Amino acid sequence: MSPPRVLFVCLGNICRSPLAEAAFREAAARAGLEAETDSAGTGDWHIGEPPDRRAQAVAAAQGLDISGYSGRQVSPQDFERFDLVVAMDTQNLADLRAIAPPERRDRLTLLLDHVEGREGASVADPYFGGLEGFDATWADVTAGAAALVAKLQRP
Ligand code: 4NP
């Protein structure tokens with residue numbers, strides 16, 4: 001089987017989805033799972049920008065360097081390029097549903113749908129809050145990443 005292709009999507013692609021991508025890459029590497037991974041935003045404000053400094057700091061505290069990530073906007077073609085399109089919150093999910101080719105909608109989930117007991121929950125947007133919000137983001141994305149890696153290892 002070819003490696004699963006997984007896309008993480010939030011609003012700006014500078015806070016939550018880059019952290020989800022980093023957490024997933026790390027969890028997959030530790031598990032020996034080969035995967036193709038990227039992240040994108042539903043919005044277009046931060047195209048070409050590196051992740052938010054606070055997201056970079058949270059990742060760096062875990063020994064992960066995300067400074068080279070570059071913001072991009074999600075497109076309908078992403079539903080062909082990726083097997084799984086993973087939204088951070090319910091608004092991202094609604095926006096993605098609206099652009100997904102109907103026959104590809106089954107590729108869409110919320111990140112926390114993969115975590116037992118947290119189905120349907122959103123990863124809160126930390127952008128307008130303080131640093132502690134990014135710690136909460138990191139806790140959520142690591143839980144989601146671990147659950148997703150476990151599922152992909154034992155489909
Ligand atoms: P993200 O956070 O969706 O987790 O990357 C945001 C980043 C930027 C904005 C909103 C949320 N913004 O309004 O520019």
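The values are calculated or read from the model by the stated rules, or taken from the named source; none is laboratory data. As the structure is a prediction and not an experimental result, all values here were calculated from the model. Neighbour counts are summed over all protein chains in view; Cβ atoms, including those assigned to glycine, are modelled from backbone coordinates with ideal geometry. Each accessible area value is taken on the protein alone, full model and side chains, heavy atoms only, with ligands, DNA and RNA left out. Shrake-Rupley method; radii C 1.70, N 1.55, O 1.52, S 1.80 Å.
Results, tabulated for the structure shown:
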| quantity | calculated |
| --- | --- |
| Whether segment 1-88 is rounded, prolate or oblate, judged on the alpha carbon gyration tensor where a/c under 1.5 counts as rounded | oblate |
| Within a Gaussian network of the chain (alpha carbon springs, distance under 10 Å), most fluctuating of Asp83, Asp140, Asp106 | Asp106 |
| Largest to smallest accessible area among Asp113, Asp52 [probe 1.4 Å] | Asp113, Asp52 |
| Charge dipole of the chain about the Cα centre (unit charges at C-beta), most positive-ward option of Ala57, Tyr127, Pro3 | Pro3 |
| Exposure of Glu34 as accessible area (Å², to 10), given a probe of 1.4 Å and all protein chains | 130 |
| Electrostatic dipole magnitude of the chain [Cβ: Lys, Arg +1; Asp, Glu -1; Cα centre; debye, to 20] | 200 |
| Inter-probe distance in nm under a simple model that places probes 7 Å from Cα toward Cβ, at Ala150 and Glu116 | 0.6 |
| Relative contact order (%) - criterion: Cα under 8 Å, at least six apart; region: segment 5-153 | 28 |
| Heavy-atom surface of segment 5-153, accessible at 1.4 Å and reported per residue (Å²) | 47 |
| Extension gain from Ala139 to Arg81, taking 0.36 nm per residue of separation minus the Cα-Cα distance | 18.1 nm |
| Taking N as its residue count, the alpha carbon Rg of segment 5-153 over 2.2 N^0.38 Å | 0.94 |
